[in-house]
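Nothing in this text is a laboratory measurement; each read-out follows from the coordinates by a stated rule. All figures in this text were calculated on a predicted structure; none of them were measured in a lab. With ideal geometry, Cβ positions are generated from the backbone for all residues, glycine too; neighbour counts draw on all protein chains shown.
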There are 4 protein chains.
Amino acid sequence: MDLGIRGRRAILLASSRGLGRACAESIAREGVDVVVNGRTADDVATAVEELSARYDVQVEGVVGDSSTVEVHDALLAACPEPDIVLLNGEGPSPMPFGRIDAAAMEASLQQSLIGPLMFVQRVLPGMCDRGFGRIVAVSSAMVKSPNPMMSLSHGPRLGLTGVLKGLSKDVVRHDVTINQLLPERFDTGRQQQMANLVMKLKGITYDEARAEQVASIKAGRLGRPDEFGDAFAFLCAAQSGYLSGQNLQLDGGSYEGVF
Amino acid sequence: MDLGIRGRRAILLASSRGLGRACAESIAREGVDVVVNGRTADDVATAVEELSARYDVQVEGVVGDSSTVEVHDALLAACPEPDIVLLNGEGPSPMPFGRIDAAAMEASLQQSLIGPLMFVQRVLPGMCDRGFGRIVAVSSAMVKSPNPMMSLSHGPRLGLTGVLKGLSKDVVRHDVTINQLLPERFDTGRQQQMANLVMKLKGITYDEARAEQVASIKAGRLGRPDEFGDAFAFLCAAQSGYLSGQNLQLDGGSYEGVF
Amino acid sequence: MDLGIRGRRAILLASSRGLGRACAESIAREGVDVVVNGRTADDVATAVEELSARYDVQVEGVVGDSSTVEVHDALLAACPEPDIVLLNGEGPSPMPFGRIDAAAMEASLQQSLIGPLMFVQRVLPGMCDRGFGRIVAVSSAMVKSPNPMMSLSHGPRLGLTGVLKGLSKDVVRHDVTINQLLPERFDTGRQQQMANLVMKLKGITYDEARAEQVASIKAGRLGRPDEFGDAFAFLCAAQSGYLSGQNLQLDGGSYEGVF
Amino acid sequence: MDLGIRGRRAILLASSRGLGRACAESIAREGVDVVVNGRTADDVATAVEELSARYDVQVEGVVGDSSTVEVHDALLAACPEPDIVLLNGEGPSPMPFGRIDAAAMEASLQQSLIGPLMFVQRVLPGMCDRGFGRIVAVSSAMVKSPNPMMSLSHGPRLGLTGVLKGLSKDVVRHDVTINQLLPERFDTGRQQQMANLVMKLKGITYDEARAEQVASIKAGRLGRPDEFGDAFAFLCAAQSGYLSGQNLQLDGGSYEGVF
């Protein structure tokens, strides 16, 4: 399927590893020039190198925390007129509600809500003027099914969900779409880390910890990052301009609700 | 993007024209053998001829009402082991609630709920046994935003939505997904018919009637059938096996709700 | 709290026992004349007797299946101008999807969708003319979280949910509201029956079977029918005229989703 | 209907006027001791005086911004063990997304998300220990239907919605419920202010501005604060312990969606 985005330019926040990286792969494969971003110089360099080697597109890298103004500046210096933007960032660790203080909540809101919105503010007018834009946020299945241990995650993310939905109504007439992907349990470094953590906490083997992760997924397996990347690529397609304001769950069919 | 479905076989209910036909085009283009279906022999013959001419796949046609056992028999005779099924069918006309009698509701339930479910019953076990299946139902934006003039449509369709969602939970572990597409106002013969109807009822021009249709769509235009077809194709992709139980709105971003 | 409905008249379908009976109790206590209904003459006679003894209101009984025209006729003969209507009826037994045939689905649709809608059709115009009406349907938590064993239940019920929602939009300006209550696991005869069934199937004790029922409820207990009845009474209150088109879950806080 | 809360104690944030005040009235009438709160000393004094005169309950007042630690301290000094808590606060003014800066978003998050959560943190453990609690947040219809001019409102409010839903799952087993009320267009000072604003902006009369407010409400009228207060009282009832995690829309039936 031709996605009709060859020659487009994309900025992908937090894309040097994991799901963000998979998104970069999927659209680079479709001929999109990409600016990747990550917190560590090594990861970014590796991503730039590998993407450049595999695909015939321009690839640049920006090192730093994707929620900061400085990194936004650098990203837009590298690509002043992005057609495609991936909003992504590291999520917080689980924490019981009773232990969350105002500072922790503020930090998480800066990371997952204010930072992304400030970046959207800078790219949205240009997308509307140019008559094409695809903004996709990596959210979490928990925005529809909140887990009480993850208030620092789903609180800010639900806030973002609402603001993006509101904005989407205003810009779709310019062929600018805003959608979210809601992953649950993809086989990335994060799930491997969590398995290691659970292994130690519960005194079980790594395989048992991995089996526990799978047990909550109706598909009977973790998701593959390339599946996530291709869903992102589809939302970015030229022919996806009539699809906006959606929250697409990539969760192995695990969500219980009808809508 | 390679959807990984070359050589798969599909049965598409009510696919000789409109959105169903667009779905057939999109997967035939990806190398899927298709059985198309429609109520009139001419439409089916034309669809078979055009699809065969354009794509290097097997194309067969079955004439008849897609909600009947006889047509189900004929479809399965033409393709006993479908990998992909499109559930689609003609919708009822608007009718004020007060004028709906039990017979009208029964007919609509047979058409839009019982018929499709009886067909799903016949294909689902085989899909699970073979370890691959993609079932997609063409529903309506109204299943999330019911219009009181369309009870005959959204009543049965919401019933189907619920049953399919329940089933999806049981089969996703076999790489069998069940999703729905919720269109609103695509530029098919149906919208042209409705524009003609409104033109006469209101004494306005055809262009004015078309403008009214567009006015309710935030994208400022009607959807194009090929956009619908490609969304269907994406849901059928090999790499969409982690995406199930979803109701994807293709409505030009018009739905007001967050979820 | 004064609900402002003293002297109002209500028809309650399937109200001789269980949740329907609890609804009758709660509004009779508030001074509403009630027509109760049930399938067996004994149950209806008992309900009429007990309600009459406890509350200073008119109580009448109609025996028969609440989804039939004959019973609708009898109910409206007993109360030609109801202000309040409870839609309720017996639900189907669990059945694997593969074993459902068209006849079983038709019977369930008649019982849980067509029957209730035909009754709504008869009472709604009068409510609108008189400028007051409260229609409440007893639905099920499963309309938001479908269980694949219960397609015969949530299919028809979701259809009803959609049609009632659509209708609610048209009539709320006449102070006629239409809402649904979505119970999960109330301590009625039905749960006791199911515990007996599970006890035999699994070879466990009755207490163990009851504990299993409770295990799925976040409140750690079953609901009490009087809690259900009082929620119904609140929806019927004069001061609830601004509350319509809602699906209120009474499930011990068990639903996982945000909305 | 006896709500079973006579003798209970409540803290109501932002309750000296408008919807918060109506909530105080409804539960004081049911015999609940109340601590009211508002930003101006006059309003609080008036509320205390009027509530004390009308109802035979203890009434205290705390002046100040309900999102601050100082006010939380004062509220808990006045009522160390509240059984009932109303989360409420002033909402932000409309603002186009492009004009929102990080400071504005931070201020709104402090007001509508962090402040309320910090207060919940202080009252929730005690409610669980004592085995009874009713927390109700005044949210907004926009958390389900975001308006792009109101990002400062629905962003923080949706964040709160998610965190409260998550928490509700953990505490309902202690007979502690957490619910939200989602009002749209109640006849309070705020709507009168907005009508005055629109009157000037559009050069229309006050009555025309009021008619515009009503035009968006399917009930054909604004809501009455006492209707809101009584819905709050019902959620606080002893017999509402099985009803938790819900978002009850009080919007004159205006929301278009099924769920």
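Structural remarks
- Residue-averaged beta-carbon neighbours from other chains (10 angstrom radius) around A:208-221: 2
- Near the amide H of residue A:60, within less than 5 Å, lie the amide hydrogens of A:34, A:35, A:36, all on another chain or at least 5 residues away, with H placed in the peptide plane.
- Cβ-placed point charges (K, R +1; D, E -1), dipole of the protein assembly as shown about Cα centre in debye, nearest 20: 0 debye
- Cβ-Cβ FRET estimate between residue B:147 and residue C:238, R0 fixed at 45 Å, reported to 0.05: 0.95
- The 3J(HN,Hα) values that the Karplus relation (6.51, -1.76, 1.60; θ = phi - 60°) gives for the range D:243-259 are, in residue order, 10, 8, x, 9, 10, 8, 7, 10, 9, x, x, 7, 4, 7, x, 5, 10 Hz. Gly and Pro appear as x.
- For the axis carrying chain A to chain D: nearest C-beta residue of A, whole Å: A:159, 2
- Counting every other Cβ atom within 10 Å of each residue's Cβ, A:205, D:46 order from fewest to most as A:205, D:46.
- Candidates D:62, D:45, D:95 compared by Cα position along the dipole of the range D:1-95: farthest toward the positive end lies D:95, with charges placed on Cβ.
- Efficiency of FRET between residue A:192 and residue B:56 - r from beta-carbon atoms, R0 45 angstrom, step 0.05: 0.60
- Within the straight-line cut-off of under 25 Å between alpha carbons, the lysines reachable from residue B:202 are B:218, C:169, D:218, sequence neighbours fewer than 8 places apart in one chain being disregarded.
- Copy-to-copy label separations for residue A:40, where each label sits 7 Å from Cα toward Cβ, in nm and ascending: 5.8, 6.6, 7.1
- Exposure proxy for C:234, B:97: other Cβ atoms within 10 Å of each Cβ, ordered fewest to most, give B:97, C:234.
- The mean number of Cβ atoms from other chains found within 10 Å of a Cβ in peptide A:143-152 is 6, as a whole number.
- Dividing the helix sum by the residues of chain A, where each DSSP H run of 4 or more adds -39500 (n - 2.57), gives a mean residue ellipticity at 222 nm of -14500 deg cm²/dmol.
- Each other copy holds its own label point for residue D:81; taking that point as 7 Å from Cα along Cα to Cβ, the gaps run 5.3, 6.8, 7.0 nm, nearest first.
- Applying a length cut-off of 18 Å (Cα extent along the axis) and a mean Kyte-Doolittle floor of 0.0 to the DSSP H helices of chain A leaves A:115-130, A:151-171.
- Straight-line reach from residue B:165: taking Cα to Cα under 12 Å and skipping same-chain neighbours fewer than 8 places apart, the aspartates and glutamates in range are A:256.
- Dipole in debye (nearest 20) - chain D, about Cα centre, beta carbon charges: Lys, Arg +1; Asp, Glu -1: 620 debye
- Of the residues A:143, A:176, A:163, the one that moves most in a GNM of chain A with alpha-carbon contacts below 10 Å is A:163.
- Relative contact order of chain A, pairs being alpha-carbon contacts under 8 Å that are 6 or more residues apart, as %: 21 percent
- Listed residues B:24, B:209, B:45, most fluctuating in chain B (Gaussian network, C-alpha, under 10 Å): B:209
- Less than 5 angstrom separates the built amide H of residue A:177 from those of A:133, A:134, A:135, all sequence-distant by 5 or more or on a different chain.
- The relative contact order of the range D:80-147, computed from alpha carbon pairs under 8 Å that lie at least 6 residues apart in sequence, is 62 percent.
- Theoretical FRET efficiency, 1/(1+(r/R0)^6), r = Cβ-Cβ of residue B:216 and residue D:205, R0 22 Å, to 0.05: 0.15
- With K and R counted +1 and D and E -1, the other residues having a Cβ less than 15 Å from that of residue B:69 yield a net charge of -4.
- Counting charges near residue C:123 (Lys, Arg +1; Asp, Glu -1) among other residues having Cβ under 14 Å from its Cβ returns a value of +1.
- With label points set 7 Å from Cα along Cα→Cβ, the inter-copy distances at residue C:94 are 2.8, 4.4, 5.2 nm, sorted shortest first.
- Taking D:151, C:16 and counting other C-beta atoms within 10 Å, the order from fewest to most: C:16, D:151
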